[in-house]
Amino acid sequence: MALPLHVFEPRYRALLDDCVASSGSFGIILIRDGREVGDAPRSLAEVGTVAELREVRRHPDGRADIVVVGARRFRVRRTIAGRQPYLLGEVELLGEPLGEEARCRALARRIGSRFVEYIGALRPLEGEPGTELEVELEVDRPEAGPEQAESAEGEAGSAEQRTGASDEPAAGDEAAGDPAAGLAEPADVAAELVVPDDPTALSYLMAGLVQVEPTRRQRLLEAATTEERLVALDALLRREIRLLADRLAVHSADPRLLQLRRN
């Protein structure tokens, strides 16, 4: 998945400068507990994602708008504080074991069909308030025609399909920047997607698109095999479709009101 970020804090400006000058990538990892800033205690997830720089647009005052794309997973062995203004870590890059190939391909086909149903269920009913699904993807198209080649001129890497911006927060308190592309209706997103044939690629694409809380996405990221991730995705999509059909959503009580409850 592609993730646009607005970089403004001095420590993240330093991180960006170091990435541009060296590897062109950094790590994004979920904060399980606490906040990224201040003295509050925090707990980090063990598995994160390598974020590869795709676009850097700098402002005269030192801020920058960047676009990164998730690449490989890593496991944090230990964190290192104080050496740089930003947090460092010793990590182990993780492989992508498939599992049983025949079952993975069968699951991938079923999840592809189920996902189209899920996207349709996300569309608000007539007269019902709701927000559009906004996603930004980088996917390979089967072939680029003359018009596609012209529109992609000057962009490195694979042809990109951009249908909006991801609103998933990353580690850090950088606000997501506005993407360069327009928004698309959920049904249009489903129709436009070039579904990858590879079960592992599909598992990550679907895990990035499903609209659930970060902890559920983290469990998908940490799956030991593609087969395990696809099984979890299949169950998750069934659950979400059932909830959407009943127009149900998770409700979080206002913590300020919890002390007033009688029962």
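The values are calculated or read from the model by the stated rules, or taken from the named source; none is laboratory data. Note that the structure is a prediction, hence the values are computed from the model and not measured. Here Cβ is always computed from backbone atoms with ideal geometry, including for glycine, and neighbour counts include all displayed protein chains. When the accessible area is computed, the model is the full protein with side chains, heavy atoms only, and any ligands, DNA or RNA have been set aside. Shrake-Rupley method; radii C 1.70, N 1.55, O 1.52, S 1.80 Å.
Between ALA201 and SER25, with labels modelled 7 Å along Cα→Cβ, what's the label distance in nm to one decimal, could you check? The modelled label-to-label distance comes out at 1.7 nm. Scanning residues 5 or more positions from LEU94 or on other chains, those with amide H under 5 Å from its amide H are ARG73, PHE74, ARG75, with H placed 1.01 Å from N in the peptide plane. Return the long-range amide H neighbours of LEU30 (sequence gap of 5 or more, or a different chain), with a cut-off of under 5 Å between placed amide H atoms. Under 5 Å from the amide H of LEU30: ALA45. Residues whose amide H lies under 5 Å from that of ARG54, counting only those 5 or more places away or on a different chain, are VAL67, VAL68, VAL69; hydrogens are built 1.01 Å from N in the peptide plane.
Calculated accessible area for the stretch 55-114 comes out at 63 Å² per residue, all protein chains present (probe 1.4 Å; ligands, DNA, RNA ignored). Per-residue 3J(HN,Hα) values for the stretch 199-207, derived from phi via the Karplus relation 6.51 cos²θ - 1.76 cosθ + 1.60 with θ = phi - 60°, read x, 5, 4, 5, 4, 6, 4, 5, 5 Hz in sequence order (x marks Gly and Pro). In plain terms, the chain from ARG123 to VAL56 could stretch by 20.8 nm, reckoned as 0.36 nm per residue minus the Cα-Cα distance. Label sites at SER113 and LEU88, each approximated as a point 7 angstrom past Cα along Cα to Cβ, lie 5.2 nm apart. Phi angles of the stretch 228-236 translate, via the Karplus equation with coefficients 6.51, -1.76, 1.60 and θ = phi - 60°, into HN-Hα couplings of 5, 5, 5, 4, 5, 5, 4, 5, 5 Hz per residue; Gly and Pro are given as x.
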